[in-house]
Amino acid sequence: MMNRGMRGNNARGLGLGGSRTRGGVSRPNVSQEESERIMEEQNDQELRELGSIVGSLKEVVVDISGTVDEQNSFLEGLMKSMSGATNSVKGTVGRLDEVFKTGGYKHLCMLVAFSFFVLMGLYFLIKSRPSS
């Protein structure tokens, strides 16, 4: 039993635990103050690192936002051009329907033959050009 009491007193005497009293007022040990200071410094360092990481993430978010805006404007332009192409195809199909309804098969055959010969002529024209 005596041994336990001595260990407790030795630990207090070395400033490893507990507190000393002077005039009934308790004050923390020097090592406790130093450990609090060290912990405060570590917290400050971690806060600086966290601030740096948050800043980096903010830059990434701003870059992503710019990229998304660019892609959205590109997609809007693409949708407009596709809408125009769709309307053009609908108009062509409507005119072809009218040709079929009026019995203009002869005109349709002439149109197909003309288109075929124009495309073949363009093909041979491009094929016969010397490559640069």
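Some values worked out for this structure:
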item: Yes/no for residue 99 being touching a His at 6+ places or on another chain (Cβ under 8 Å) and of a type in the set (A, V, I, L, M, F, W, C); result: yes
item: Residues that are touching a Gly at 6+ places or on another chain (Cβ under 7 Å) and of a type in the set (Asp, Glu), drawn from the range 27-70; result: none
item: Close pairs from the range 82-98: first closer than 16 Å to residue 108 by Cβ, partner hydrophobic (A, V, I, L, M, F, W, C) and modelled with pLDDT of 90 or more, Cβ under 8 Å, at least 6 apart; result: none
item: Check on residue 127, in a helix (DSSP H, G or I) and modelled with pLDDT of 90 or more; result: no
item: Residue pairs meeting the criteria (Cβ under 8 Å; at least 6 apart or on separate chains; first in contact (Cβ under 8 Å) with a residue 40 or more places away in the chain and in a helix (DSSP H, G or I), in the range 36-54; second among the polar types (S, T, N, Q) and open to solvent by 100 Å² or more (accessible area, probe 1.4 Å)); result: none
item: Where residue 17 falls short, out of the listed (1) at pLDDT 80 or above; (2) not in a helix (DSSP H, G or I); result: (1)
item: Test: residue in the range 99-110 that is of a type in the set (S, T, N, Q) and within 43 Å of the chain's Cα centre (by Cα); result: no
item: Residue list for the range 89-119, filter: in a helix (DSSP H, G or I) and open to solvent by less than 70 Å² (accessible area, probe 1.4 Å); result: 91, 92, 94, 96, 99, 108, 113, 115, 118
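The values are calculated or read from the model by the stated rules, or taken from the named source; none is laboratory data. Remember, it's a predicted structure, so these values are computed and weren't measured experimentally. Quick reminder, even Gly has a Cβ in these numbers, built from the backbone with ideal geometry, and neighbours come from all protein chains shown. Heavy atoms of the whole protein, side chains included, go into the accessibility calculation; ligands, DNA and RNA do not. Shrake-Rupley method; radii C 1.70, N 1.55, O 1.52, S 1.80 Å.
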